[in-house]
Amino acid sequence: MNYLSIVGGQRLQGRVQISGAKNSALKLMAASLLGHGETVLTNVPRISDVFTMVEVLQRLGATVAFDGDVLRIDTSGEISTVAPYDLVRRMRASINVLGPLLARSGHARVAMPGGCNIGSRTIDMHEAGLTQLGVKFTFDHGYLEGIAERLLGKRVLLEFPSRGATENLMTAAVLAEGVTVIENAAREPDIIDLASFLNAMGAEVWGAGTSTIEITGVPRMHSTSYRVSADPIEAGTFALAVLTTGGEAELVGAQPETMEIFLEKLELAGAQWAPIEDGIRVSGDHRAHAVDFATLPYPGFPTDLQPQMMGYLITAEGTSIVTENVFENRFAHAQELVRMGADIRTEGHHAVIRGVRRLQGAPVKGSDLRAGAALVVAALAAEGQTEVHDFHHVERGYEDFAGKLRGLGASVELVEETTSLPV
């Protein structure tokens, strides 16, 4: 167990490479189960969640090799249909093997997933949608078991544009008989990435990135090679880390078309950004202005950047109001920011932030992946030393976070945890 020690007050500047998207890589890894042969994924981030998914695939019978950012997954052998609890409990994205296993083998037994404690995130919509394609489900001792003697294409209307449900429906429907139409589908960039990957494997998927996705089933899928797109959440996190210090940096690989609402909010806060040949440049040499924002499914403001945006706005001039519409329990970081001198009041799914001029370093604890990143963003602007404990949460989603920050001039160090955090 490590904590991150940060001495604030250093102006960040330079260039930072944005890694492949966590949310894309994990879903493409699961979808590789649909092929027969070796799939090669490049630009894969070396983060703990990816290594957990490697273990899931290996336990299912795939042969996996991970060298640098190149991941090779061979699914030509016999594939098990049981994803065990000891792995799935560590990461919610493990549920994404459900659709591929049902399509490939007609059976899947998957433990109920774990991950960050930021809300209920039930899999009811996964189950309801797949049931319409012909899957019969039972729930037994913490496992969801599905049997599909025959998958048939149908029109499926999602009550909410759930990313996970959309992904499992897509990966099941590619091998179903006939045409499947997913209405009110999720529109995130990783949905587009998944559709492009599936089409490279021989699928026929249209409409990804819109609210209606149409899939014509094919009899068989093959392996392929594919490059994972850049992570907009990592890009947004580094943008905020730079801006909170009044710095300037180039985010190499960042794709502005996947970050439009976020970048609009940065402009409203007084920051500057511009596209460059290989990414985005961000800069901000004065105190931010208060900004109101509400999280929504893509293309709205991403919930995965809400905590980090709060870490930036706590020193803004004026009062900001944040509305969290996606998860019901995503303000756990607020009280930790208060320990650093922030003025935040939360009520239900709203947070009111009254900007303060100065923050002070303090021992704090990241309760989940993005909460931990938010504490780092705030600590970079704080006076003195901050210790971000439970840093393993952050390592689930950011490759070499500390090293990249040091490359921009931050004073950060990973320290081995030897004592418990005082309460």
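Quick grid of which residues meet (1) more than 24 Å from Met201 (Cα to Cα); (2) modelled with pLDDT under 95; (3) among the hydrophobic types (A, V, I, L, M, F, W, C):
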{"site": "Tyr3", "(1), (2), (3)": "yes, no, no"}
{"site": "Phe66", "(1), (2), (3)": "no, no, yes"}
{"site": "Arg89", "(1), (2), (3)": "yes, yes, no"}
{"site": "Leu102", "(1), (2), (3)": "no, no, yes"}
{"site": "His107", "(1), (2), (3)": "no, no, no"}
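Just to be sure, is Ala235 touching a strand residue (DSSP E or B) at 6+ places or on another chain (Cβ under 7 Å), assigned to a loop (DSSP other than H, G, I, E, B), over 19 Å from Arg104 (Cβ atoms) and of a type outside the set (Val, Ile, Thr)? First the steps, then the outcome.
On the way: touching a strand residue (DSSP E or B) at 6+ places or on another chain (Cβ under 7 Å): yes; assigned to a loop (DSSP other than H, G, I, E, B): no; over 19 Å from Arg104 (Cβ atoms): yes; of a type outside the set (Val, Ile, Thr): yes.
Criteria not met by Ala235.
For residues in region 58-88 being under 19 Å from the mean Cα position of the chain (by Cα) and either of a type in the set (Phe, Trp, Tyr) or part of a helix (DSSP H, G or I) (or both), which is surrounded by the fewest Cβ atoms within 10 Å (Cβ to Cβ)?
Leu87
Can you tell me which residue in region 372-401 is surrounded by the fewest Cβ atoms within 10 Å (Cβ to Cβ), limited to those that are small (Gly, Ala, Ser) and over 19 Å from Leu243 (Cβ atoms)? Talk me through it step by step, then tell me what you get.
Going residue by residue through region 372-401, those that are small (Gly, Ala, Ser) are 372-374, 378-379, 381-382, 384, 397.
Filter again for over 19 Å from Leu243 (Cβ atoms), leaving 384, 397.
Numbers: Gly384: 14, Gly397: 27.
Among residues in region 372-401 that are small (Gly, Ala, Ser) and over 19 Å from Leu243 (Cβ atoms), the one surrounded by the fewest Cβ atoms within 10 Å (Cβ to Cβ) is Gly384.
Consider region 193-215. How many of its residues are surrounded by 18 or more Cβ atoms within 10 Å (Cβ to Cβ) and in a loop (DSSP other than H, G, I, E, B)?
Total satisfying the criteria: 2.
Just to be sure, is Val352 at pLDDT 95 or above, crowded, with 24+ Cβ neighbours inside 10 Å and among the aliphatic types (A, V, I, L, M)?
Details: at pLDDT 95 or above: yes; crowded, with 24+ Cβ neighbours inside 10 Å: no; among the aliphatic types (A, V, I, L, M): yes.
For Val352, the condition - at pLDDT 95 or above, crowded, with 24+ Cβ neighbours inside 10 Å and among the aliphatic types (A, V, I, L, M) - is not met.
Check Leu359 against each of (1) more than 25 Å from the chain's Cα centre (by Cα); (2) surrounded by fewer than 24 Cβ atoms within 10 Å (Cβ to Cβ) and name the one condition it does not meet.
Here Leu359 meets the rest and fails (2).
Quick one: which strands (runs of 3 or more DSSP E) lie wholly within region 253-329 and hold at least 2 residues that are over 24 Å from Ser19 (Cα atoms) and either without any contact (Cβ under 8 Å) to a residue 40 or more places away in the chain or not hydroxyl-bearing (Ser, Thr, Tyr) (or both)?
On the way: elements: 272-276, 279-283, 319-323.
In region 253-329, 319-323 are the strands (runs of 3 or more DSSP E) which contain 2 or more residues that are over 24 Å from Ser19 (Cα atoms) and either without any contact (Cβ under 8 Å) to a residue 40 or more places away in the chain or not hydroxyl-bearing (Ser, Thr, Tyr) (or both).
Can you name the residue in region 216-231 that is part of a loop (DSSP other than H, G, I, E, B) and more than 23 Å from the chain's Cα centre (by Cα) and, of all such residues, is surrounded by the fewest Cβ atoms within 10 Å (Cβ to Cβ)? Break it down into steps so the answer makes sense when it comes.
Initially, region 216-231 is screened for residues part of a loop (DSSP other than H, G, I, E, B), giving 217-224, 228-229, 231.
Going one step further and asking which of them are more than 23 Å from the chain's Cα centre (by Cα), we end up with 217-224.
Working: Gly217: 20, Val218: 15, Pro219: 7, Arg220: 10, Met221: 25, His222: 13, Ser223: 20, Thr224: 19.
It comes out as Pro219.
Go through (1) more than 19 Å from Asn23 (Cα to Cα); (2) buried (at least 24 other Cβ atoms within 10 Å of the Cβ) for Asp190 and report which single condition fails.
Looking at each condition in turn, Asp190 falls short on (1).
Quick check on this structure: which one of Glu267, Glu234, Glu277, Glu260 is surrounded by 15 or more Cβ atoms within 10 Å (Cβ to Cβ), charged (D, E, K, R) and not assigned by TED's automatic domain parsing to the domain that holds Val205?
Details: Glu267 fails: surrounded by 15 or more Cβ atoms within 10 Å (Cβ to Cβ); Glu277 fails: surrounded by 15 or more Cβ atoms within 10 Å (Cβ to Cβ); Glu260 fails: surrounded by 15 or more Cβ atoms within 10 Å (Cβ to Cβ).
Being surrounded by 15 or more Cβ atoms within 10 Å (Cβ to Cβ), charged (D, E, K, R) and not assigned by TED's automatic domain parsing to the domain that holds Val205 holds for just one of Glu267, Glu234, Glu277, Glu260, which is Glu234.
Filter region 231-277 down to residues that are among the acidic types (Asp, Glu) and in contact with a Lys or Arg (Cβ under 9 Å, 6 or more places away or on another chain), then give me how many there are.
Step one: filter region 231-277 for residues among the acidic types (Asp, Glu), giving 231, 234, 248, 250, 257, 260, 264, 267, 277.
Imposing the further condition that a residue be in contact with a Lys or Arg (Cβ under 9 Å, 6 or more places away or on another chain) reduces the set to 231, 234, 248, 250.
The qualifying residues number 4.
Of everything in region 279-320 that's among the hydroxyl-bearing types (Ser, Thr, Tyr) and in contact with a Ser or Thr (Cβ under 8 Å, 6 or more places away or on another chain), which residue is nearest to Leu266 (Cα to Cα)? So that I can check it myself, show each step before the final result.
To start, the set of residues in region 279-320 that are among the hydroxyl-bearing types (Ser, Thr, Tyr) comprises 283, 295, 298, 303, 312, 315, 319-320.
Now restrict to residues that are in contact with a Ser or Thr (Cβ under 8 Å, 6 or more places away or on another chain): 295, 303, 312, 315.
On the way: Thr295: 15, Thr303: 16, Tyr312: 10, Thr315: 14 Å.
Here the residue is Tyr312.
Would you please name the residue that is nearest to the chain's Cα centre (by Cα), looking only at residues in region 164-187 that are surrounded by fewer than 20 Cβ atoms within 10 Å (Cβ to Cβ) and of a type outside the set (A, V, I, L, M, F, W, C)?
Initial filter on region 164-187 (surrounded by fewer than 20 Cβ atoms within 10 Å (Cβ to Cβ)): 177-179, 181, 183-184.
Still in the running and of a type outside the set (A, V, I, L, M, F, W, C): 177-178, 183-184.
Values: Glu177: 32, Gly178: 32, Glu183: 23, Asn184: 20 Å.
Taking the candidates together, the pick is Asn184.
Report the residue count in region 111-153 for those that are under 21 Å from the mean Cα position of the chain (by Cα), modelled with pLDDT of 90 or more and either assigned to a strand (DSSP E or B) or not hydrophobic (A, V, I, L, M, F, W, C) (or both). Before the answer, list the steps.
Step one: of region 111-153, the residues under 21 Å from the mean Cα position of the chain (by Cα) are 111-126.
Those still in the list that are modelled with pLDDT of 90 or more too: 125-126.
This time we only want the ones that are either assigned to a strand (DSSP E or B) or not hydrophobic (A, V, I, L, M, F, W, C) (or both), so: 126.
Count: 1.
The values are calculated or read from the model by the stated rules, or taken from the named source; none is laboratory data. In this text, all values refer to a predicted model and were calculated from it rather than measured experimentally. Quick reminder, even Gly has a Cβ in these numbers, built from the backbone with ideal geometry, and neighbours come from all protein chains shown.
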